[in-house]
Number of protein chains: 2
Amino acid sequence: MGEFELLERIRERLPPAGPRVRIGMGDDAAVTLPGGATATSVDAIVDGVHFRREHSSPAQIGHKALAAALSDLAAMGAEPGEAYTVLGVPPDLGEDACVELFDGIALLAAATGTTLAGGDVTRAPALTVAITVVGHAPDADSLVTRAGARPGDIVVVSGKIGAAGAGLLLLERPELAASLPSDDAEELRRSQLEPQPRLRVGCALALAGATAMIDLSDGLGGDAGHLAAQSKVQLRLSAEALPLAAGVAAVATAAGLEPAQFAVSAGEDYELLATLPPARLQSALDSVAGTGTKLVAVGEVAGGAGVEIRQPDGRLLATTGFDQLR
Amino acid sequence: MGEFELLERIRERLPPAGPRVRIGMGDDAAVTLPGGATATSVDAIVDGVHFRREHSSPAQIGHKALAAALSDLAAMGAEPGEAYTVLGVPPDLGEDACVELFDGIALLAAATGTTLAGGDVTRAPALTVAITVVGHAPDADSLVTRAGARPGDIVVVSGKIGAAGAGLLLLERPELAASLPSDDAEELRRSQLEPQPRLRVGCALALAGATAMIDLSDGLGGDAGHLAAQSKVQLRLSAEALPLAAGVAAVATAAGLEPAQFAVSAGEDYELLATLPPARLQSALDSVAGTGTKLVAVGEVAGGAGVEIRQPDGRLLATTGFDQLR
């Protein structure tokens, strides 16, 4: 397989370029006319670290790589613009599988209004997908960082969490699926394999006046810790209020684990955690509901540092930061 | 080693951010205020494919990754702006080596006015460095694509070529170094290990009215072929006119190869190939000379397709396109 032939096959299948793109794939560099402010993030996934080829189809791997990258734009409240991909191809991955992987990227790109504007393909010992995404906003102040949370703010979380971690455990230990309805098990596995970046939720939260925001890629414990550290505040969360996905508790019980640990430590839910002044909460709940995703309040911001997650009985839930090199 | 600790150590060592960067490393995404047009390119290098850890120091690997990416901006005539890095760390690469690798990136970034604005670190089976670079220009028309060469244009090449390929052969077969002065051998090896992106040459050529431009990353044969294909012209080059680096001929003779083949097929010289109307040639030669690099005319553009490289006796040099997946 030649790199150039593969890139040509991929180019032919891409959706049309967005309005900011003057030159897409095929020259030394893509040329865009951004205007306003840009948010840029890069995310890499590697076989055996972030996914396993025996669990994921090539299209799912492509989807997940772009979803993880776009999730960072969602966490800024940016509108997705362009994506640039690096594909590291191991010897046993054929050209058709590469094209299928790009189809997974292209489908999510089309659904989110993202233009695949450039890329590189190289040999590699393990399948590797690294994607740089560029998002746009009218100005820098429209984007929400991790650093603006203030004591007294409410902490909110979008969607359902713990699903990706429980889904991963079901993929690794299929026998645990006997403990829950098959629809729930299927949905948990899908959450792990095909996460959805919350781009519309992120924009709605930015417009509603979120003071700080982060996506839940490493686990609620670690990610809330990053936001707390950069905002120089403490986040006090209620374990009972965490919106665990259906089936998470059943998987936890079957595996002898605490249900909230899937949300706190496992990561990859790609939901958003944000902080808001109390006066902005109702309009945030309403406008996020308009995107089809539910927003729930899970705690509050206090002076201090770090993250506390308490059970209803006041017991402190262990908040293992997800701190391994992954 | 923790990803976050490593990123923290790296952040502390970075040069200050450029004027367009509002938020650099450490949030979900970097925030920039681009203005004008941007040129964006991504390039990945993998141990065992583009370099070998036994030949290159970590700093040289970091340097080469950024140099290869910046070379694409040079080929557009863009001013370098921001870089976003993905580092895939194998189990046997320690934290100090990672920091040294980033020092190599940071040194070239500082020398070229590039801000390291974001990155991701992940485990990987082989050392992998993927870098996305963003360059800037006042408007899209200031950037030079591969597609504008016209019959009658002159073809020019910057600097010396064949050095990176000859240097690689010297690294792999050290006994060949006996056939040339040790200074030349050292310089050839350095060309392979520490290529220099021709950013000032690219800007000078763009200002001088280059009609098309590409960097020599895959080898003159393949790269000239890309430019010819996208411009829908033929490039007729003189093998005798190619500016081979000192020592290339000696290495070729010792290895039983044709000297020009190092320039034509081996790649990684990261010099620039451009086309210009004859009336612009003299001002291009003068302004590129002002950057400290020599520009030479190596042929002309004709109607037709593909690339011809002829020996003085009229014999056609085999122009093997560099078409493997690398």
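The values are calculated or read from the model by the stated rules, or taken from the named source; none is laboratory data. On a predicted model such as this, the values are computed, not experimentally measured, just so you know. Cβ atoms come from the backbone with ideal geometry, glycine included; neighbour counts cover every protein chain shown. The area values use the complete protein model at the heavy-atom level, side chains included, leaving out ligands, DNA and RNA. Shrake-Rupley method; radii C 1.70, N 1.55, O 1.52, S 1.80 Å.
One table, with the values for the structure above:
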| quantity | calculated |
| --- | --- |
| Flagged links, alpha-carbon separation over 28 Å, of B:K64/B:K232; A:K64/A:K232; B:K64/B:K160; A:K232/B:K64 | B:K64/B:K232; A:K64/A:K232; A:K232/B:K64 |
| Whole-percent carbon and sulfur share, accessible surface of the stretch B:134-254, 1.4 Å | 51 percent |
| Gyration tensor verdict on the stretch B:214-325 (Cα atoms; rounded if a/c is under 1.5, prolate if a/b is larger than b/c, oblate otherwise) | oblate |
| Within the accessible area of the stretch A:1-97 (1.4 Å probe), percent carbon and sulfur | 47 percent |
| The stretch B:78-232 - charge dipole about Cα centre, Lys and Arg +1 at Cβ, Asp and Glu -1, debye rounded to 20 | 640 debye |
| Label geometry 7 Å along the beta-carbon vector: A:P91 inter-copy distances in nm | 1.9 |
| Distances in nm from A:G209 to the matching label points in the other copies, shortest first (labels 7 Å along Cα to Cβ) | 5.9 |
| Cα-centred dipole magnitude for the stretch B:220-326, charges only on beta-carbon of K, R (+1) and D, E (-1), debye, nearest 20 | 200 debye |
| Percent antiparallel among DSSP beta bridges (both partners in the stretch A:40-157, rounded to 5) | 65 percent |
| For B:Q311, inter-copy label distances in nm, listed shortest first [label point 7 Å out on the Cα-Cβ vector] | 8.4 |
| Protein accessible surface hidden between B and A, which excludes ligands and nucleic acids, total in Å², probe 1.4 Å | 4900 Å² |
| Dipole of the stretch B:206-326, positive end: most advanced residue of B:I214, B:A245, B:L235 [Cβ charges, Cα centre] | B:L235 |
| Reach of A:K294 by Cα under 15 Å, taken over aspartates and glutamates that are not fewer than 8 positions away in the same chain | A:D269, A:E271, A:D286 |
| Gap separating the Cα centres of the stretch A:264-309 and the stretch B:240-310, nearest whole Å | 59 Å |
| Assigned charges on the beta-carbon of Lys, Arg, Asp, Glu; the protein assembly as shown dipole about Cα centre (debye) | 1040 debye |
| Heavy-atom accessible area per residue - the stretch A:116-162, 1.4 Å, Å² | 27 Å² |
| Counted charge near B:I161, where neighbours are those whose Cβ lies closer than 9 Å (Asp, Glu -1; Lys, Arg +1) | -1 |
| Neighbourhood net charge (10 Å Cβ-Cβ; Lys/Arg +1, Asp/Glu -1) for A:E300 | 0 |
| Rounded if a/c under 1.5, otherwise prolate or oblate - the stretch B:44-113, Cα gyration tensor axes | prolate |
